[in-house]
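*Asks:* Take this structure, written in structure tokens, and hold onto it; I'll ask about it next.
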Amino acid sequence: MLSSTKGEARATKGRDAENAKWDEEIRKSIASKKATPATLTKKQQAALQAQLEKESKIRENVGRIMSNLDRGLYFIQSLVSADVAEFRFHISSVVKVLLEGPLVGGAFLVGDLAFETYLVSSPQLMMFSGSNMGQNLAKSTSERLDTLRKWVGIATLRSLNISAVPEELQAEPINCKLCDQTSFGILVHTTISIALVIRVLHRLRSLSEQAPFDAATFSYAFPLLSQVLLLGGVSPADEDEALEQVALALGVIRFHCGECMF
């Protein structure tokens, strides 16, 4: 009843009638296209099949790579959790592999897991003790570094522009923000926040001055120090901050020169 009434109410004259007729033709045309299945030539079918097979191989290869990355990252986490003393001698290599591999090239596949592995490793890496000091040195090292362990890793990843760092951990500015203020009619620049990199470097230098870090701890912090020196400062707000970053990084390294063996 509704459909017949609606059909009868349709205008038969004027512009409304033309629009209604045009709408009806469009609807019929769309309906006929949907009802008629697309037919492909043999050549098109062969090309489509080849494309589908190619995509299937790519998906299979990506899945295999992702599986291998997952396995490797979980293996690293297992070694760290096991607190194997011998593992501390390989920290530098592990850090390099993580920074150059899953945290960069494989970030789109295992970014979250790679980030978790890198940060989860930081507290454990710094818990390794010397061969003759037992668990006391491990406990002492942990208390000295406190929450800095986490922020060394975050500062390193952010200085390297690693996309795997979660957004909530990017809230703290990486450099000292400056604002323009007027004092007695003179425009001056005033620092309104302390940068993440500066904060971490100051703490690392202070702790290094008290006592050098063990090899595992220094290896974990070195990528940040290296990036500061290579760039002449990580995203510095001005020349003064750049020089401060470089001086702090050199200070940390200087306090460890006596620990190096040639």
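*Asks:* Can you report the number of residues in the stretch 196-206 which are over 18 Å from S226 (Cβ atoms) and either within 23 Å of the chain's Cα centre (by Cα) or modelled with pLDDT under 90 (or both)?
*Replies:* 1
*Asks:* A further question on this structure: Between a residue in the stretch 251-262 that is farther than 20 Å from F89 by Cβ and at pLDDT 85 or above and any residue that is among the charged types (D, E, K, R) and part of a helix (DSSP H, G or I), which pairs come within a Cβ distance under 8 Å, given they are 6 or more apart or on different chains?
*Replies:* Listed by first residue and then by second, the contacts come to G251/R205; G251/E209; V252/R205; F255/R205; F255/E209.
*Asks:* Mind checking which pairs have a first residue in the stretch 139-163 that is modelled with pLDDT under 80 and a second that is crowded, with 17+ Cβ neighbours inside 10 Å and among the acidic types (D, E), Cβ under 8 Å, 6 or more apart or different chains?
*Replies:* T141/D214
*Asks:* Output the qualifying pairs, or none if there are none: Cβ atoms under 7 angstrom, residues six or more apart or on different chains, first residue in the stretch 212-240 and on the phi > 0 side of the Ramachandran plot, second residue modelled with pLDDT of 85 or more.
*Replies:* Pairs that qualify, where the first residue is on the phi > 0 side of the Ramachandran plot and the partner is modelled with pLDDT of 85 or more, are G232/A242; G232/V246; G233/E241; G233/A242; G233/Q245; G233/V246.
*Asks:* If I174 passes every condition in (1) modelled with pLDDT of 60 or more; (2) assigned to a helix (DSSP H, G or I); (3) surrounded by fewer than 21 Cβ atoms within 10 Å (Cβ to Cβ) but one, which one does it miss?
*Replies:* Going through (1) modelled with pLDDT of 60 or more; (2) assigned to a helix (DSSP H, G or I); (3) surrounded by fewer than 21 Cβ atoms within 10 Å (Cβ to Cβ) one by one, I174 breaks only (2).
*Asks:* Can I ask one more? Filter the stretch 210-238 for residues that are of a type in the set (A, V, I, L, M) and either over 20 Å from the mean Cα position of the chain (by Cα) or more than 20 Å from D83 (Cβ to Cβ) (or both) and give the result. Even if it seems obvious, please write down each step before you answer.
*Replies:* Kept after step one, since they are of a type in the set (A, V, I, L, M), are these residues of the stretch 210-238: 211, 215-216, 221, 224-225, 228-231, 234, 237.
The answer is A211, A215, A216, L224, L225, V228, L229, L230, L231, V234, A237.
The values are calculated or read from the model by the stated rules, or taken from the named source; none is laboratory data. Keep in mind it's a predicted model, so treat the numbers as computed, not measured. In this analysis, Cβ positions are derived from the backbone assuming ideal geometry, glycine residues included, and neighbour counts consider all displayed protein chains.
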